[in-house]
Every structure is written in structure tokens, then in C-alpha cells.
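Data first, discussion second: the structure below is written as C-alpha cells.
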Amino acid sequence: MSRLFRSALAPLFIIPTLSYAAVTEVPVFRGAQIIKSEPVESSSIEVPLAKIYRSGRGWEPESVERIDGQSFQTLYKIGRNVPLNEVVDFYDEALASIEGNTVLFQCESRNCGSSNAWANNFFNEYLLYGADQNQSLKVLKDAQNHYWVLYINRRGAGDVMVRLDEVVPKGSDAVGANILAQLNVADVPRIRSFLREQSDLSNIVAFVTSDNRDGNPIITGDKSIEMLKDGLNPDERRLLRFINLANMGNPAYGVNRVIFVSIK
């Protein structure tokens, strides 16, 4: 993370512990719909390192690594007319571009085990269930010791589902901020939905990032903030504080993103 970005954050809040921070922006497949995206904090996050199998009355991977930390879990849905191999290739390339990545485990088709078990027993997400021969799983670790778990399958209805988890072990080098959500700056419906769930907007700061591909990133950031404000109600506009980071958040938080941070 750049010193300039740290300097921009430092005057606003000093929080000693990390609640969650995903520090790598993975591109999203064209036309993909985000079904849900949420942080999960746990003392025992399981990272799968082998195929899943029946164990007693349940199912579990033959080998896992248990991590004490946070996981940011995102589920995407992609249209039924999109070839499955295009989606798999896209995300394989995206993960391969992460700095210092090392593949810990990967499988495809029936070599992964039961898709029903992955969907309903491991990920607890029934939308991932599809034919065993259509599934693929990849697990890797990056230069910051973050783990990435990617599971892709085509449902019986034809949609391609993508589950991407970033697991951040406790003590990883990340900004000490209580990050509540990170969303695409143009996704106003999800931003509105997130804000409605918050009890006190006066304790939340919204950092907005942009890039310089379309001109001056500061001007682009200002336009994004005005667009966001236009989609909010008067109370939300009055209570929520926006900070334009322009391109200072890159590559830590990606471009054209809004990062909601609690300053309690």
C-alpha cells in the first residue's frame, strides 16, 4: 500500500486492530451479477486443500488448513449463454496475475468430488450446486500470505456461478481500519441497500477511488461522489462523509470503488 494512501487515511482515524481489509482487486467477468458479497470473521476459516469426501455422516475436504482471521466472500452469477470455459479461463488468468501467487490445490470435474457436497456442506451456498463434471476449484496463496479460494460451476438452470473467497490471516499486513463493505461505485442499488442496514451513518466514512484512464482521477472521483449523492436520500447525504482518494488507493483497493469504513 502506498505511503500516500496511508497518509490520506491516518488523519481520519486510528484503529489498532483490523476488522477486514481485502487488499487485492480481482476483475469481474463481463456481465456478472453480484449475488452477495460479505466479510466473515472467524477463528477457524477452512481453506480446502483436497477433494471433498464423505466423513461419517457428513462431508469434508480430505485436507484443510484452518485460518484465524477474516474472509471476504463474493458470489457471482453469469448468464446461461456464456461458455463455461470462458469464465474459468478468465478467473484463472485473474488469479495468476496476483503477485507472488502459489497454487496450493486445484481440481476439475469429478476429481473435485461431489458438487452437492461443496455447495451445501462446505460453502453453505446451494446456488453453487451443479453437475460434477462442470465444476472447478482452485486454491492459492499470494505474496501477502492471503489465501484465495475459487469455485465455479454451471447450475442445472444454465447459469454459471462463481464463488471467490479471499482469506486474510490475523496479523497480515493490511490497513488497520474497520472496513464494512467495498462496492463498485456504480452499483447504487447495493450501496443504498448497505446504507439502509447501518444504524449510525455519522460514524461511517466513504472513500471513493478512481483511475486516470478517462482523464484526471480527481475529477473522475468528484463525479462519482456526486453521482452517489444523487442516489441517496437527504438524511444519507447529510450524515455520510465522502472522501475522494482519486487513484491513491491503487492497487490496494482497486479503481472505481467505494470503501465504507467505520470510524468508531
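Give me the dipole magnitude in Debye, nearest 20, for the range 133-173 about the Cα centre, with unit charges on the beta carbon: positive for Lys and Arg, negative for Asp and Glu.
200 debye
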Query raised in the report: At what distance in angstrom do the alpha carbon centres of the range 42-101 and the range 111-166 lie from each other?
Result: 5 Å
Requested in this report: Please list 79-85, 256-262 highest first by mean number of surrounding beta-carbon atoms within 10 Å per residue.
Outcome: 256-262, 79-85
Report summary line: Measuring from its Cα centre, the range 47-111 shows a charge dipole (+1 at each Lys and Arg Cβ, -1 at each Asp and Glu Cβ) which, in debye to the nearest 20, is 500 debye
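If you roll a 1.4 angstrom probe over the protein chains with everything in place, what fraction of the accessible area of the range 72-228 belongs to carbon and sulfur, to the nearest %?
That fraction is 43 percent.
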Requested in this report: Compute the length gained on full extension between residue 80 and residue 46: take 0.36 nm times their separation in residues and subtract their Cα-Cα distance, giving the result in nm to one decimal.
Outcome: 9.2 nm
Report summary line: Summing +1 per Lys or Arg and -1 per Asp or Glu among the other residues with Cβ less than 11 Å from residue 85's Cβ gives -3
Query raised in the report: Between residue 233 and residue 126, what length comes free when the chain is fully extended (0.36 nm per residue of separation minus the Cα-Cα distance, one decimal in nm)?
Result: 35.0 nm
Report task. Name the residue farthest towards the positive end of the dipole of the range 50-158 from the options 109, 130, 63, assuming +1 on Cβ of Lys and Arg, -1 on Cβ of Asp and Glu, about the Cα centre. Result -> 130
Report task. Restrict the search to the range 189-228; then list the trypsin sites (Lys or Arg not before Pro) that DSSP places in a loop and that have at most 13 other Cβ atoms within 10 Å of their Cβ. Result -> 213
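Highest mean first, how do 122-133, 157-168, 50-61 rank when packing is the count of other Cβ atoms within 10 Å averaged over residues?
The most tightly packed comes first, giving 157-168, 122-133, 50-61.
The values are calculated or read from the model by the stated rules, or taken from the named source; none is laboratory data. It should be emphasised that the depicted structure is a prediction, and the values quoted were computed from it without experimental measurement. Please note: Cβ atoms are built from the backbone with ideal geometry, for glycine as well, and neighbour counts cover all protein chains shown. Quick note on the areas: whole protein, heavy atoms, side chains included, nothing else; ligands and nucleic acids left out. Shrake-Rupley method; radii C 1.70, N 1.55, O 1.52, S 1.80 Å.
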